[in-house]
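A single structure is presented below for examination.
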Amino acid sequence: MPSGAETTFDFIVVGAGSAGCVVARRLSDDPAVSVLLVEAGPPARGFWVRTPAGMAKLFKHPRYNWGYFTEPVPTLRDRVLYWPRGKAVGGSSAINGLVYVRGNRSDFDHWASLGNSGWAWEDVLPHFRRIENRGEAARPSQGTQGELAVSDSAIKHPTAVDFIESSRRLGIPAVDVFNGEETEAVGFLQANIRNGVRQSSYDAFLEPVRHRANLVIESGAHVKRILLEGGRAVGIEMLQDNKVRSFTVKREVIVCAGALNSPQVLMLSGIGDGAELSRHGIDTVHHLPGVGRNLQDHFVARIQAAVTPESSYNRALNGWRMYAEGMRYLVTRGGYLALPSSMAGAFVKSSPAVDYSDLEISFRPMTFTHLPSGQVRVDPIDAVGASVYNTRPASRGRVTLRSPNPLEPPRFQPNFLEHSDDIRVMLSGVRRLRQIFATEPLASRVVSEITPGADRVTDEQLLDYLQREGHCAFHPAGSCKMGNDDMSVVDSRLRVRGLTGLRVADASIMPTVTAGNTNAPSIMIGEKASDMIRADYQ
Ligand SMILES: Cc1cc2nc3c(=O)[nH]c(=O)nc-3n(C[C@H](O)[C@H](O)[C@H](O)COP(=O)(O)OP(=O)(O)OC[C@H]3O[C@@H](n4cnc5c(N)ncnc54)[C@H](O)[C@@H]3O)c2cc1C
C-alpha cells in the first residue's frame, strides 16, 4: 500500500460524469464490492440545474463548468474557441442540452470493423435499451425499464412541425422517433427530461442509491494522478480541501474523466507519449503514444432567419413574458423552460454517394446570442435558428499537457476543417439547410436570412463564414481511442494497453465520434464497461 493511503476499495472510478455515474452504480449493485467515486466538481444543485432551459445559465457557470478554451485554431483564422465541460457530480450531463440520440448503427458497426469485437450495433443495442426508460410512450426497439428518462418534447411548436414537413418534401423520411437505425430521417427530438426536470446521469443512476454502504462519493476532489506499481494501477492521489489524499485499490481504477481530462490524468500519471511527458519533466511509466491523439468533435454552423411573429417563441422569453413563462414552469413543469436545446432534428446525406447521413441538423423555433460576459441572451426579435454539423469529421486534433500541474487545464487543438472533406461536407450542409428553409411550408414563415446572410453565396463566402463563426458542438471524443493499432490506448474491453488494473470508460474511447449528440453513447459506454468489468471478476 502506498504510504499515507487512507482506505482500500475494490474499484475507484475517476470522474462522476455521464459514464462514471453508470459505472459506479452498476459496480456497487454488488453489495460485496466497495466503490469509491471521485469527482472534481461539487454536487449540482439549484433551479437552473434542474430546469432544462438552464443550459444557457450553465454555459459559462464558474462553479459547474471547467470553461476550457482551445489553442488558437490555424484553420479558423487563429480563433480561440470556448469549450464548456461539466465540472459537477453528473459531469457534462449536469449542464448539457439534454437531447437524446443513440448515434447511428453504422458508427458501432464501424468500431467493430476496426477490430473492436463486441461493439457492433447488435452488441450495443441491448445496453442502450437497458439504460432507457421511455415509459408508456416507448416505441418498439426502445427500453422501458432503465433508469434514464427519455421523453418526447413538451411542446411541438408549429414552426418545428413545418420544418419537418419541408424536410419531408425534400425527400427526407419523417420518423416518430430516432432510434439509430435510420439512414436519413427528420422528426422531433427526445430528451433526458423527467416531468419537466433535467435528468443527469447522476440523477438517473446514482441519486436513488447514494446511501449504499459500499459506495463512497467524494466531490470537490481533484485526482492528481493514478498510482502505479510494476505496471499495475494500485490507487489514486487526489487534492481535496487543499489536502492531498490517497486511496488504494484492490481490483481496478476506471478513468471516466471525459475526452479532455482522461488523457490529462493518464499523462500526469506517466502514461503517454514519452517525448511529450519528458517535456514536462514527468517520468514515463508507460510509453503509450496514442494518449491524447485522435481528438474529434463536431464543428457547427448556424443559420438564423427572421420570421413572422407567431413562428418564433423568442418573445415568450423576453421582457415581462419571461416572468409569466417562469411562473408557468413553476406551476406546471411545462412550457418553453422545459425544453431541451433543440426541438427537431434531421439526419441527412451530404451527397447521394454517401451510405449514411453525414449531417445532423438541429432546429429550434427561437434564437440566442452568446454575450461576451458569458451570458446567453434570447434574441428580442422574431427569429428561428438551426445548426448543422458534419457527423463524421475527418480532421483530428490532440490533447496535450499545458504543464505538470494537475490543476492547470489541458492544452488542446481540434484542427477543425483541416481535412478538405470536412469543408466539402459543411458547405453542403449549409446549402441543404438553406434549401429546407426555402421549401414550403417553412418558407412562408421566413422573412429573411440573418446568418450567414443572403449575400454569402459562393464556396469562398460560406467558408469565410464557417471560419469566422463556426464553433464546436461540445461533443469531444476519441482521445483515448479503443483499438488494436499502435495509437490505441485501450483494447476492446477498455483496458489500458500494456498495464493491468486500469481502464478508461467515457467518450474518449470512441475510435470515431458517433453520428449525433454524444451523451447517450457515453452512458452506454459506461453501462457496457461495467458489464465487462463484472464479467472479468466472476
Ligand atoms: C454545453 C453542453 C451541451 C451538450 N448538449 C448535449 C446534448 O444536448 N445531447 C447530448 O447527447 N450531448 C450533449 N453534450 C455532450 C455530452 O454531455 C457529453 O458527450 C457527455 O456528457 C460526455 O460524457 P463523459 O462521461 O465522457 O464526460 P463528462 O460527463 O464530461 O464527465 C467527466 C467528469 O470527470 C470529472 N473530472 C475531470 N477531471 C477530473 C479529475 N482530475 N479528478 C476528478 N474528476 C475529474 C469532470 O468534472 C466530469 O464530472 C453537451 C455537452 C456540453 C458541455
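The values are calculated or read from the model by the stated rules, or taken from the named source; none is laboratory data. Predicted model only: the values in this text are computed from it and were never measured. Reconstructed Cβ throughout: ideal geometry from the backbone, glycine too, with neighbour counts over all protein chains shown.
Test Val175 against the criterion of being out of contact with any Pro (no Cβ under 9 Å at 6 or more places or on another chain) and without any contact (Cβ under 8 Å) to a residue 24 or more places away in the chain, and give yes or no.
yes
Return the only residue of Ala120, Ala88, Ala154 being over 15 Å from the mean Cα position of the chain (by Cα) and either away from the ligand (no atom under 16 Å from the Cβ) or at pLDDT 95 or above (or both).
Selected residue: Ala120, the only one of Ala120, Ala88, Ala154 that is over 15 Å from the mean Cα position of the chain (by Cα) and either away from the ligand (no atom under 16 Å from the Cβ) or at pLDDT 95 or above (or both).
This table checks each residue for (1) of a type outside the set (A, V, I, L, M, F, W, C); (2) buried (at least 24 other Cβ atoms within 10 Å of the Cβ).
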residue: Phe205; (1), (2): no, yes
residue: Pro208; (1), (2): yes, no
residue: His222; (1), (2): yes, no
residue: Gly235; (1), (2): yes, yes
residue: Ile254; (1), (2): no, yes
residue: Met267; (1), (2): no, yes
residue: Ser278; (1), (2): yes, no
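Right, Pro62: modelled with pLDDT of 95 or more and either away from the ligand (no atom under 14 Å from the Cβ) or surrounded by fewer than 22 Cβ atoms within 10 Å (Cβ to Cβ) (or both) or not?
no
Still on this structure, I have one more. Step by step: first the residues of region 255-281, then only those that are more than 10 Å from the ligand (Cβ to nearest atom) and of a type in the set (A, V, I, L, M, F, W, C), then the one that is farthest from Trp66 (Cα to Cα). Which residue is that?
My answer is Ala275.
Could you go through region 510-532 and let me know if any residue there is more than 13 Å from the ligand (Cβ to nearest atom), under 22 Å from Ala204 (Cα atoms) and surrounded by fewer than 19 Cβ atoms within 10 Å (Cβ to Cβ).
There is at least one residue in region 510-532 that is more than 13 Å from the ligand (Cβ to nearest atom), under 22 Å from Ala204 (Cα atoms) and surrounded by fewer than 19 Cβ atoms within 10 Å (Cβ to Cβ).
To keep it simple, each residue is scored yes or no on (1) under 22 Å from Leu81 (Cα atoms); (2) over 26 Å from the mean Cα position of the chain (by Cα); (3) in a loop (DSSP other than H, G, I, E, B).
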residue	(1), (2), (3)
Glu408	yes, no, yes
Asn415	yes, no, yes
Ser448	no, yes, no
Asp455	no, yes, yes
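Yes/no per residue for (1) of a type in the set (S, T, N, Q); (2) within 26 Å of Phe299 (Cα to Cα); (3) in contact with an Asp or Glu (Cβ under 6 Å, 6 or more places away or on another chain):
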{"site": "Ser448", "(1), (2), (3)": "yes, yes, no"}
{"site": "Phe474", "(1), (2), (3)": "no, yes, no"}
{"site": "Met482", "(1), (2), (3)": "no, yes, no"}
{"site": "Asp485", "(1), (2), (3)": "no, no, no"}
{"site": "Asn517", "(1), (2), (3)": "yes, yes, no"}
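Can you run down the residue pairs with Cβ atoms below 9 Å, 6 or more apart or on separate chains, where the first is in region 259-270 and closer than 12 Å to Ile226 by Cβ and the partner is near the ligand (Cβ under 8 Å from one of its atoms) and of a type in the set (Ser, Thr, Tyr)?
Ser262/Ser508
Pull up region 188-234, narrow it to residues that are at positive phi and either away from the ligand (no atom under 11 Å from the Cβ) or free of Cβ contacts under 8 Å to residues at least 60 places away in the same chain (or both), then point me to the one that is farthest from the chain's Cα centre (by Cα).
Applying the filter and picking the extreme gives Gly230.
What about Glu252, is it more than 15 Å from the ligand (Cβ to nearest atom), closer than 16 Å to Pro410 by Cα and either outside any strand (DSSP E or B) or not aliphatic (A, V, I, L, M) (or both)?
No: the conditions fail for Glu252.
Also: Out of curiosity, is Ala346 aliphatic (A, V, I, L, M) and either in contact with a Lys or Arg (Cβ under 9 Å, 6 or more places away or on another chain) or closer than 22 Å to Thr514 by Cβ (or both)?
yes
Return yes or no: is Thr7 of a type in the set (Val, Ile, Thr), exposed (fewer than 15 other Cβ atoms within 10 Å of the Cβ) and within 22 Å of Cys256 (Cα to Cα)?
yes
Something else: So, in region 34-43, exactly how many residues are farther than 10 Å from Ser219 by Cα and of a type in the set (A, V, I, L, M, F, W, C)?
Total meeting the criteria: 2.
For Ile282, work out the one condition from (1) touching a Pro at 6+ places or on another chain (Cβ under 8 Å); (2) in a strand (DSSP E or B) it doesn't fulfil.
The one condition Ile282 does not meet is (2).
Go through (1) among the polar types (S, T, N, Q); (2) closer than 23 Å to Asn517 by Cβ; (3) within 16 Å of the ligand (Cβ to nearest atom) and name the single condition Ser395 misses.
Among (1) among the polar types (S, T, N, Q); (2) closer than 23 Å to Asn517 by Cβ; (3) within 16 Å of the ligand (Cβ to nearest atom), the lone unmet condition for Ser395 is (3).
Further, regarding this structure: Restricting region 91-114 to residues that are among the aromatic types (Phe, Trp, Tyr) and more than 10 Å from the ligand (Cβ to nearest atom), which is farthest from the chain's Cα centre (by Cα)?
Looking at the filtered set, the residue picked out is Trp111.
Among the residues of region 484-538, which ones are part of a helix (DSSP H, G or I) and of a type outside the set (A, V, I, L, M, F, W, C)?
Across region 484-538, the qualifying residues are Ser508, Asn519, Pro521, Ser522, Gly526, Glu527, Lys528, Ser530, Asp531, Arg534, Asp536.
Against the definition (more than 23 Å from Leu401 (Cα to Cα) and either within 8 Å of the ligand (Cβ to nearest atom) or modelled with pLDDT of 95 or more (or both)), how does Pro72 come out, yes or no?
no
What helices (runs of 4 or more DSSP H), lying completely within region 1-99, carry at least 3 residues that are closer than 24 Å to Val504 by Cα and in contact (Cβ under 8 Å) with a residue 12 or more places away in the chain?
Where helices (runs of 4 or more DSSP H) fall fully within region 1-99 and carry at least 3 residues being closer than 24 Å to Val504 by Cα and in contact (Cβ under 8 Å) with a residue 12 or more places away in the chain, they are 18-28.
Regarding region 398-411, can at least one residue be identified that is β-branched (Val, Ile, Thr) and within 13 Å of the ligand (Cβ to nearest atom)?
Checking region 398-411: at least one residue is β-branched (Val, Ile, Thr) and within 13 Å of the ligand (Cβ to nearest atom).
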